[in-house]
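Worksheet: the structure to be examined is printed underneath.
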Amino acid sequence: MNSENTRITALFEDDSLAAEAIRAIKNAGWRISDVHGPIPSHEISGALGIKKSGVGWFTLCGGVIGFFLGYFLAVFTAARWGLMVSGKPVLSYIPFFIVGFEFTILFAVLGNVLGLILLIRLPAYRDLPHIAPACSADRFGVVVDFGDSDKDEARRFLTNLGAEVPESSDRETES
Amino acid sequence: MEKLSFKEIDNTVAATLDPPGRFYWTVIGLLFCGILVGAFCWAWQIMVGIGAGGQNSPVNWGTYLINFVFWVGIAHSGTLISAILYLLRAEWRNPIARAAETMTVFAVCTAGLFPFIHLGRVWMVYYMLPIPNDRTLWPNFQSPLMFDVVAIGTYLIVSVLFWYTGMLPDLAAIRDRASGTRKKVFSVLSLGWTGRFEQWRHYSRGYLLFAALATPLVISVHSVVSWDFALGVIPGWHTTIFAPYFVAGAIHSGLAMVLTLMIPMRRIFGAQRIITMHVLESVAKTIVFTGLIVGFAYGTEYFIAWYSRNSVEMEVFTFRSAGDFTLSYWIMVVCNSMVPLLFFFRRIRTSIVWLFGISILVNIGMWFERFVIIISSVAHDFLPNAWGQYAPTAIEYGIMLGSFSLFFFLFFLFVKHLPAISMTEMKELQHQGMTHE
């Protein structure tokens, strides 16, 4: 059975105000669907209970793979030459660390980018029509699911928390 | 720092993207002509052979290598500002970080052209890639030139990714202000960034890791470039001081280029409230620091040559300061290690004219530093009967003109079509200022 779901975007000028509002909305039993902002904010992250990102694991894996790949490449290519010069060993283990180091950085960065793409889920063009443009400029937008509550009552609640609630911010979705 | 609202920051940066006037297109046109001159000279060299340049025994590395090292050096301050100063939480970096990063990307691209140019037979470039060539031989990673391929390649890829990742939130901000075709273009470029806190959570962490990885990379890259010389058994090159000496010199030249670019940019775009005098002054103070390191390195080279009692080493350094390249040597010393000391005076480091003038002199001095290092040692090495001379030919000057034109052409295109000041970092800076009060 489908029921109508009222979703409203409340815009806040300040992140501390938005963080307080997030706590109040949660206490009132409504669900925060999303929060958007022009800059990251520790206060909002704290209010949302956001945990540390796991992107570092991708970076670490990339770095480890990169080091061994670079070092192996240098060893492999030198072994393919097999040319002894001035009686020195064919494999120069110490200078090969330079190649290993550069590959470590390269693959760590590639791992980092891969992690960001996978975790942020970019590209994400499908979200674009639903965001308030002010959220990339100077407002923090809190998108709240009010379920089947009265729309006017929900708007009043948000306004009392210090939010601007533009008319166009209402969305009705089916759940 | 002056208080700016988020809206004022957006408006200032968005104004830089307004359709440019006739002056802008005239400059772009002139720079494009410079690129054509460079391209013609390179094409001529490919047609008639590498002898079209003045490089010949004993000076086989001429302006192509000088310009290569010069542009890699210019690239370094971008990463210093965007990564090292980010980790050190130096707030003055925020207004110029984007432009400096952009400078890095275009400088590495320009630098990367010179090994191709110097190859002569440019179609053989794949010999440098880690694949077997037509005689099933692999490149040999015992050579510092191969270290260089790996280091510069890594630096280019990392710089581009770092630059683009940092720009995502700003591209989204421009998208949300734009309409029509511009909106469509910026929608694609911003990859659907919406500023969700779930996105910020990963982004902030990822950006920090980027900075942490770019920091050792930037130090390693110019160290590797220095080993192109230091691993060669040539008097004046074969020293352990080269890596830190090159890194400091690179940052020195890069910071000077930051001033050279930022001073006109802030005036043309009316961005004086964002790129404030405090920012320029901080760059000037850092130039004093790097200038002192570079001066110390010049002195150390002489001291070690004297202290070693090595006659060849002493002869090379005497030749540098009192031989055929005396003028180049003293331009280097005066412009790099003496002129920047004027920034000790507050009146000078807060004067736009002095800042701009000294930045140009440091750029010139740093170009001559590479000239002196690369030319004088091989022109005057162990055996007097092998000594020689070197002077660039018109073809080399043409290619050099082309490289400078290409760099400024790309940079000028960038500042008018993409956000040249990081709106997000400026907002974060303002936000921190507000909350710390």
- Query: For the range B:262-272, does any single residue satisfy the condition of being buried (at least 24 other Cβ atoms within 10 Å of the Cβ) and part of a helix (DSSP H, G or I)?
  - Reply: yes
- Message: Among the residues that make up the range B:152-163, is at least one of them at pLDDT below 90 and of a type in the set (Val, Ile, Thr)?
- Response: no
- Give the residues of the range A:62-78 that are at the interface with another protein chain (Cβ under 9 Å from one of its Cβ atoms) and surrounded by fewer than 19 Cβ atoms within 10 Å (Cβ to Cβ), sorted by residue number. A:75, A:76
- Message: Against the condition surrounded by fewer than 19 Cβ atoms within 10 Å (Cβ to Cβ), within 20 Å of the chain's Cα centre (by Cα), free of Cβ contacts under 8 Å to residues at least 60 places away in the same chain and part of a helix (DSSP H, G or I), how does residue B:360 come out, does it pass?
- Response: no
- Out of the residues in the range B:412-436 that are more than 10 Å from chain A (Cβ to nearest Cβ), surrounded by fewer than 20 Cβ atoms within 10 Å (Cβ to Cβ) and in a helix (DSSP H, G or I), state the one that is farthest from the chain's Cα centre (by Cα). B:436
- Message: For the range B:208-219, check the following and say yes or no: at least one residue is of a type outside the set (Val, Ile, Thr), buried (at least 20 other Cβ atoms within 10 Å of the Cβ) and in contact with a Cys (Cβ under 9 Å, 6 or more places away or on another chain).
- Response: no
- Message: Could you go through the range B:170-178 and let me know if any residue there is within 24 Å of residue B:220 (Cβ to Cβ), out of contact with any His (no Cβ under 9 Å at 6 or more places or on another chain) and among the hydrophobic types (A, V, I, L, M, F, W, C).
- Response: no
- Task: Please tell me if residue A:89 is out of contact with any helix residue (DSSP H, G or I) (no Cβ under 9 Å at 6 or more places or on another chain) and surrounded by fewer than 22 Cβ atoms within 10 Å (Cβ to Cβ).
- Result: yes
- Query: Given the residues B:345, B:382, B:368, which is the only one that is at pLDDT 90 or above, aromatic (Phe, Trp, Tyr), buried (at least 21 other Cβ atoms within 10 Å of the Cβ) and farther than 30 Å from residue B:189 by Cα?
  - Reply: B:368
- Taking the condition without any contact (Cβ under 8 Å) to a residue 60 or more places away in the chain, touching a helix residue (DSSP H, G or I) at 6+ places or on another chain (Cβ under 6 Å) and surrounded by fewer than 19 Cβ atoms within 10 Å (Cβ to Cβ), does residue B:314 pass? yes
- Of all residues in the range B:186-203, which are assigned to a helix (DSSP H, G or I) and either at pLDDT below 90 or more than 7 Å from every other protein chain (Cβ to nearest Cβ) (or both)? B:186, B:188, B:189, B:198
- Item | Members of the range A:17-57 found to be assigned to a helix (DSSP H, G or I), facing chain B (nearest Cβ under 10 Å) and loosely packed, with under 15 Cβ neighbours inside 10 Å, listed by number | A:42
- Query: Can you name every residue in the range B:130-144 that is within 9 Å of another protein chain (Cβ to nearest Cβ) and either more than 26 Å from the chain's Cα centre (by Cα) or in a loop (DSSP other than H, G, I, E, B) (or both)?
  - Reply: B:130, B:132, B:136, B:137, B:138, B:139, B:140, B:141, B:142
- Message: Quick check on my filter: what residues within the range A:1-16 are within 11 Å of another protein chain (Cβ to nearest Cβ) and either over 16 Å from residue A:163 (Cβ atoms) or part of a loop (DSSP other than H, G, I, E, B) (or both)?
- Response: A:13, A:14
- Item | Count of residues meeting criterion [free of Cβ contacts under 8 Å to residues at least 40 places away in the same chain and touching a helix residue (DSSP H, G or I) at 6+ places or on another chain (Cβ under 7 Å)] in the range B:363-384 | 2
- Note on the structure: Of the conditions (1) facing chain B (nearest Cβ under 7 Å); (2) under 19 Å from the mean Cα position of the chain (by Cα); (3) assigned to a helix (DSSP H, G or I), the single one that residue A:118 does not satisfy is (1)
- Taking the options A:131, A:98, A:105, name whichever one is facing chain B (nearest Cβ under 7 Å), free of Cβ contacts under 8 Å to residues at least 40 places away in the same chain and surrounded by 19 or more Cβ atoms within 10 Å (Cβ to Cβ). A:98
- Message: So for the range B:412-419 (the condition being under 20 Å from residue B:67 (Cβ atoms) and touching a residue at least 24 places away in the same chain (Cβ under 8 Å)), does at least one residue qualify?
- Response: yes
- Looking only at the range B:1-21, count how many residues are in contact with an Asp or Glu (Cβ under 6 Å, 6 or more places away or on another chain) and either within 16 Å of residue B:266 (Cα to Cα) or surrounded by fewer than 16 Cβ atoms within 10 Å (Cβ to Cβ) (or both). 1
- Does the range B:52-61 include one or more residues that are under 16 Å from the mean Cα position of the chain (by Cα), in contact (Cβ under 8 Å) with a residue 60 or more places away in the chain and part of a helix (DSSP H, G or I)? no
- Close pairs (8 angstrom Cβ cut-off, 6 or more residues apart or separate chains): on the phi > 0 side of the Ramachandran plot and assigned to a loop (DSSP other than H, G, I, E, B) in the range B:223-244, among the hydroxyl-bearing types (Ser, Thr, Tyr) and at pLDDT below 95 anywhere: B:236/B:376; B:236/B:377
- Using the structure shown, decide if residue B:218 is touching a Ser or Thr at 6+ places or on another chain (Cβ under 6 Å), more than 7 Å from chain A (Cβ to nearest Cβ), in a helix (DSSP H, G or I) and not hydroxyl-bearing (Ser, Thr, Tyr). yes
- Taking the condition under 22 Å from residue B:166 (Cβ atoms) and out of contact with any helix residue (DSSP H, G or I) (no Cβ under 7 Å at 6 or more places or on another chain), does residue A:42 pass? yes
- Message: Let me spell it out: the conditions are (1) in contact (Cβ under 8 Å) with a residue 12 or more places away in the chain; (2) of a type in the set (Val, Ile, Thr); (3) closer than 30 Å to residue B:94 by Cα, and residue A:117 meets all of them except one. Which number is the exception?
- Response: (1)
- Counting only residues that are more than 9 Å from every other protein chain (Cβ to nearest Cβ), small (Gly, Ala, Ser), farther than 17 Å from residue B:78 by Cβ and part of a helix (DSSP H, G or I), the range B:145-182 contains a total of 1
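The values are calculated or read from the model by the stated rules, or taken from the named source; none is laboratory data. Predicted model, so just to flag it, every value in this text is computed and none were measured. Virtual Cβ from ideal backbone geometry, glycine too; neighbours counted across all protein chains shown.
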